[in-house]
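Each remark here refers to the structure printed beneath this line.
The values are calculated or read from the model by the stated rules, or taken from the named source; none is laboratory data. Only a predicted model underlies this, so the values are computations on that prediction, with no experimental measurement involved. FYI the Cβ positions are ideal-geometry reconstructions off the backbone, even for glycines, and counts take in every protein chain you see. What goes into the accessible areas is simple: the full protein's heavy atoms, side chains included, and nothing from ligands, DNA or RNA. Shrake-Rupley method; radii C 1.70, N 1.55, O 1.52, S 1.80 Å.
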Amino acid sequence: MLSAVSRSLVWRGLLAVAVGVIAIAWPGITIGAVVIVFAIGAFTSGIWQAASAFSQDRVGPVLGRLILATLDGAAGIVALAWPGITAYVLTIWIAAWAVVTGAWEVAMVFGSGEAAGRRALFGISGMLSIALGIVLFARPDIGAVSLVEVFGIFSFAAGISSLVLAVEAHRHQLGDQVIAIGRLTSGASNQTKGVLMETSDARPDRQERATNPRSIALDPAFPDSVYA
């Protein structure tokens, strides 16, 4: 059964892939539609960051995830609330959001305490976000259609990365369960051996009778009817 972290990663990945496919396939998209697509992507990321925060064991990662959730939510709200936002301004805004959140996520990787493989995957997600920001900063005049295509490709790639992370998290959970079962089995086996050894040590006289028939014959408590 999937853990809470795995489920949140799966939902984040599926939603991000869906946003990416819609953004890439939408013909003749307008700037208003671009704003909506970006806001959905930002809110999806923010919800996942908030859910992920409460699955952490230490204060540092919890605060880091909550800050990322706040940045994602603020970016989506500002884009929706900005009156008459232009493609140029929206491009700069998305670029700034991508660089800030990507750099923060990469910085969090080094203090997450996760396994090396999972840290690498989280780092790749942050680097993808930084790459999106750099591309948009380099070409802020790309227009609404090109902007949504670039954002769609980024969202699709980020979604695939989240799905891979979900699989890795599920494998890690199964590994922990196998180790726990192994420890329980080993403990029960050692306890059984201990009981058997205590029983054997407590009755040495019967062991002697079993191995020495003469000791049985000399035992006054042994019934004479046996020799009849």
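Looking at L147, L121, which one is among the aliphatic types (A, V, I, L, M), open to solvent by less than 60 Å² (accessible area, probe 1.4 Å) and modelled with pLDDT under 80?
Working: L147 fails: modelled with pLDDT under 80.
The match here is L121.
Pick out the one residue from G76, G20, G84 that is in contact (Cβ under 8 Å) with a residue 60 or more places away in the chain, of a type in the set (G, A, S) and closer than 24 Å to I142 by Cα.
Going through G76, G20, G84 in turn, the sole match is G20.
Kindly provide the set of residues from segment 47-68 that are modelled with pLDDT under 75 and more than 14 Å from V109 (Cα to Cα), ordered by number.
Passing the criteria: S55, D57, V59.
Looking at (1) under 16 Å from the mean Cα position of the chain (by Cα); (2) crowded, with 18+ Cβ neighbours inside 10 Å; (3) hydrophobic (A, V, I, L, M, F, W, C), can you tell me which one A87 breaks?
Status for A87: all satisfied but (1).
Looking at segment 54-63, is at least one residue open to solvent by less than 20 Å² (accessible area, probe 1.4 Å) and among the acidic types (D, E)?
no
Here's the yes/no breakdown for (1) open to solvent by 70 Å² or more (accessible area, probe 1.4 Å); (2) at pLDDT below 90; (3) among the β-branched types (V, I, T):
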{"position": "T70", "(1), (2), (3)": "yes, no, yes"}
{"position": "T91", "(1), (2), (3)": "no, no, yes"}
{"position": "G126", "(1), (2), (3)": "no, yes, no"}
{"position": "L136", "(1), (2), (3)": "no, no, no"}
